[in-house]
Amino acid sequence: MTECRSPEFQDLLPDYAAQALDEVTMTRIAAHLTDCVECADDLAVLHLVRQTRPRVVVPDIARIVAALPPSPAVQRTNANVTVGHLRLVRDSEESAEPNTAKLAASARATPPPSMRSPSKKGAVFGLSIWRVAATLGVIIAGGASVLVARNGLTDAVDPAAVVAVQGGDGVASTPAIVMPERAETVAVATPNRAEPVSVSYGDLGDYSEDELQNMLDRLERWDGATSTEPLPGVPILLASGGGTP
Amino acid sequence: MIDATQQEDAQTDGLLIDQWKAGDQRAATAIVERHAEALARFAGRLGVTDDVDELVQDTFIRAFSAIESFRADSSLRTWLFTIERRLVIDRRRAQARRGHDIELDDMHAASGFDALDTMVADEAGQRVAAAMARLTRMQRDVFTLRVQEGRSYKEIAEILGSTEGAARVHYHNAMRAVKEFLHD
């Protein structure tokens with residue numbers, strides 16, 4: 001087999017087979033092929049090889065496109081939308097200065113609803129309830145203590161007066177007071193006194209200013225801790241008017 | 001010397017890339033449609049028989065993620081071939097680390113290329129496939145890129161990480177070997 005004397009044409013034979021050359025070059029190579037047996041042989045092989053391009057399954061275009069990253073313009077747009085939304089919130093509440101660090105600080109200062117502790121509000125509310133309950137407990141226990149201190153033994157108490165001392169809010173579960181049904185009186189017994197003394201609480205208006213002030217002073221000095229436990233040996237029975245809350 | 005077809009292809013690709021950068025998602029679809037089949041075919045030439053779809057998809061994802069680094073001094077398809085070939089090499093190295101017997105030496109014939117026999121229907125085609133299966137991996141890659149994909153020696157050198165001169169030598173050696181096999 002003779003050697004090709006125009007290797008530059010031989011190099012271009014694949015492009016000639018693909019008809020990917022300009023017209024001038026195509027014509028020159030065609031002329032060369034009439035004289036060069038080797039190049040003609042190469043061209044025959046090239047045509048055969050080109051015909052045997054393996055069949056392939058065309059990939060799923062939609063799936064590929066869906067997996068592609070967003071274009072730079074789309075990324076910028078998404079970033080602008082996010083910043084613009086934050087700026088709108090900040091502008092309405094603070095200043096118009098475009099400072100993302102400030103926005104971030106603001107976001108940290110006001111956590112999103114999902115980050116707020118749900119127990120905080122309940123804790124505050126619960127604390128208020130306990131404060132009210134503790135105050136009423138102190139008042140009731142203190143009032144009973146004052147009566148005991150003033151009159152020694154009390155064997156009969158007007159239920160209406162007890163309710164008045166309680167503030168009339170139905171806090172009937174205070175440990176120092178038991179309110180059975182059909183009870184007519186409240187009997188307070190103290191072992192220090194020989195005989196019971198019946199005391200009617202009546203209305204707070206029955207007390208003088210000095211007595212009321214004295215009661216308040218004693219309440220202030222009262223140790224609230226003892227109000228949570230029943231007085232030893234002081235059974236309290238409440239007459240009708242009470243009930244289970 | 002190369003006709004205007006490749007220049008038009010390059011201009012079209014460049015225009016589509018610019019449109020995609022500007023936010024036109026349809027341009028991405030057009031780019032994928034233009035090159036997906038060639039990438040799948042090139043994957044077969046590289047001996048890939050499994051998960052070709054996934055390989056082509058990974059190639060596009062990597063290309064679009066690094067589109068800013070694409071320079072128009074080479075064609076987009078050449079750039080995509082380069083990425084795909086690197087992905088194939090990475091896969092083979094990963095498989096080799098897992099203990100699979102995978103050929104990594106370019107100087108040895110590729111048994112994976114035998115898979116082409118099943119994709120070529122007629123007898124002549126099977127003889128060509130058998131002839132190409134005898135080539136070294138580098139010869140086969142150069143030959144297929146040059147003949148079936150129409151890449152220039154410069155582009156082949158870029159895809160394969162070689163030189164134009166080496167690509168030209170590999171091409172002529174491959175042509176000689178194929179002719180000898182076919183004429184026997």
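One line per residue, one yes/no per condition, for (1) without any contact (Cβ under 8 Å) to a residue 24 or more places away in the chain; (2) farther than 15 Å from A:ALA17 by Cβ:
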| site | (1), (2) |
| --- | --- |
| B:ARG134 | no, yes |
| B:ARG140 | no, yes |
| B:THR144 | no, no |
| B:TYR153 | yes, yes |
| B:LEU160 | no, yes |
| B:GLU164 | yes, yes |
| B:ARG168 | yes, yes |
| B:ASN173 | no, yes |
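Going by the conditions given, is A:THR82 open to solvent by 60 Å² or more (accessible area, probe 1.4 Å), more than 9 Å from chain B (Cβ to nearest Cβ) and at pLDDT 85 or above? Criteria not met by A:THR82.
Residue by residue, here is whether (1) among the charged types (D, E, K, R); (2) open to solvent by 40 Å² or more (accessible area, probe 1.4 Å) holds:
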site: B:LEU46; (1), (2): no, no
site: B:GLU54; (1), (2): yes, yes
site: B:ALA63; (1), (2): no, no
site: B:SER69; (1), (2): no, yes
site: B:ASP73; (1), (2): yes, yes
site: B:LEU76; (1), (2): no, no
site: B:LEU87; (1), (2): no, no
site: B:ASP90; (1), (2): yes, yes
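The sole residue among B:ALA66, B:ALA36, B:ALA94, B:ALA72 that is within 15 Å of the chain's Cα centre (by Cα) and among the aliphatic types (A, V, I, L, M) is B:ALA36. From the list B:GLN57, B:GLN6, the one residue that fits, being modelled with pLDDT under 90 and at the interface with chain A (Cβ under 8 Å from one of its Cβ atoms), is B:GLN6. Taking the criterion of being within 9 Å of chain A (Cβ to nearest Cβ) and within 15 Å of A:PRO70 (Cβ to Cβ), would at least one residue in the range B:35-53 satisfy it? No, the range B:35-53 contains no residue that is within 9 Å of chain A (Cβ to nearest Cβ) and within 15 Å of A:PRO70 (Cβ to Cβ). Would you say A:THR52 is open to solvent by 80 Å² or more (accessible area, probe 1.4 Å) and either of a type in the set (A, V, I, L, M, F, W, C) or without any contact (Cβ under 8 Å) to a residue 12 or more places away in the chain (or both)? Judged against the criteria, A:THR52 is not a match.
Applying the criterion of being at the interface with chain B (Cβ under 8 Å from one of its Cβ atoms) and either touching a Lys or Arg at 6+ places or on another chain (Cβ under 8 Å) or of a type in the set (Asp, Glu) (or both) to the residues of the range A:24-65, the residue that is nearest to B:LEU145 (Cα to Cα) is A:ARG53. Looking across the range B:156-184 at every residue that is open to solvent by 20 Å² or more (accessible area, probe 1.4 Å) and under 22 Å from B:ALA63 (Cα atoms), the one that is farthest from the other protein chains (Cβ to nearest Cβ) is identified as B:GLY161. Filtered by the rule that a residue be assigned to a helix (DSSP H, G or I) and more than 7 Å from every other protein chain (Cβ to nearest Cβ), the range A:13-23 gives A:LEU13, A:TYR16, A:ALA17, A:GLU23.
Among the conditions (1) in a helix (DSSP H, G or I); (2) over 21 Å from B:GLU149 (Cα atoms), B:GLY99 misses just one, which is (1). Put simply, of A:VAL57, A:VAL74 the only residue that is out of contact with any helix residue (DSSP H, G or I) (no Cβ under 6 Å at 6 or more places or on another chain), hydrophobic (A, V, I, L, M, F, W, C), at pLDDT below 90 and surrounded by 16 or more Cβ atoms within 10 Å (Cβ to Cβ) is A:VAL74.
The values are calculated or read from the model by the stated rules, or taken from the named source; none is laboratory data. Given the structure is predicted, the values throughout are model-derived calculations rather than measurements. Virtual Cβ from ideal backbone geometry, glycine too; neighbours counted across all protein chains shown. Heavy atoms of the whole protein, side chains included, go into the accessibility calculation; ligands, DNA and RNA do not. Shrake-Rupley method; radii C 1.70, N 1.55, O 1.52, S 1.80 Å.
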